[in-house]
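What follows is a set of notes on a single structure, which appears directly below.
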Amino acid sequence: MALYITEDCTNCDACVPVCPNEAISEGDVVYVIDPDRCTECVGAEDEPQCVLVCPADCILDDPNHEETEDELMAKFKALSA
C-alpha cells in the first residue's frame, strides 16, 4: 500500500531526503507522494522512513493503493533497475 500525506503537512521538507524512491515532492499546498514510486521503503528499509521523520504525523496508508509486500518489493526492484 502506498502512503499519502494529509493536509496536516507543515511543509517542513523532512520526508523528501529520506525517501529511497524519490516518491515525495512539493505539491500545490502540501507535499505529495507518488503512489507509483512509493514502496513504503520495502526493499530499502525495515519501515517507512518518511513516517519516522515526520513531525506532524501526517503520513498515512493510502487505502486507494493497496498492495501486498510482494507487490511492493517488485515495484522497488523495477524502480531500482
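Across segment 10-19, which residue is farthest from Ala81 (Cα to Cα) among those that are in a loop (DSSP other than H, G, I, E, B) and in contact (Cβ under 8 Å) with a residue 24 or more places away in the chain?
Of segment 10-19, the ones in a loop (DSSP other than H, G, I, E, B) are 10-15, 19.
Those left that are additionally in contact (Cβ under 8 Å) with a residue 24 or more places away in the chain: 10, 12, 14-15, 19.
Values: Thr10: 33, Cys12: 30, Ala14: 26, Cys15: 23, Cys19: 17 Å.
The qualifying residue farthest from Ala81 (Cα to Cα) is Thr10.
Of all residues in segment 30-63, exactly one satisfies the criterion of being out of contact with any Phe, Trp or Tyr (no Cβ under 8 Å at 6 or more places or on another chain), of a type in the set (Val, Ile, Thr) and either part of a loop (DSSP other than H, G, I, E, B) or buried (at least 18 other Cβ atoms within 10 Å of the Cβ) (or both), namely Val30.
In segment 25-55, how many residues are more than 23 Å from Ala81 (Cβ to Cβ) and without any contact (Cβ under 8 Å) to a residue 40 or more places away in the chain?
Of all residues in segment 25-55, those more than 23 Å from Ala81 (Cβ to Cβ) come to 26-32, 47, 51-55.
Narrowing the set further to residues that are without any contact (Cβ under 8 Å) to a residue 40 or more places away in the chain leaves 26-32, 47, 52-53.
So the answer is 10.
Per the listing Glu71, Glu66, Glu22, the residue uniquely part of a loop (DSSP other than H, G, I, E, B), surrounded by fewer than 17 Cβ atoms within 10 Å (Cβ to Cβ) and without any contact (Cβ under 8 Å) to a residue 40 or more places away in the chain is Glu22. Of the residues making up segment 26-81, those that are out of contact with any helix residue (DSSP H, G or I) (no Cβ under 8 Å at 6 or more places or on another chain) and among the aliphatic types (A, V, I, L, M) are Val29, Val30, Val32, Val51, Ala56, Leu60, Leu72, Met73, Ala74, Ala78, Leu79, Ala81.
Throughout, read-outs are computed from the coordinates displayed, never taken from laboratory work. Remember, predicted model here, so these are calculated numbers, not experimental data. Cβ: placed from backbone, ideal geometry, glycine included. Neighbour counts: every protein chain shown.
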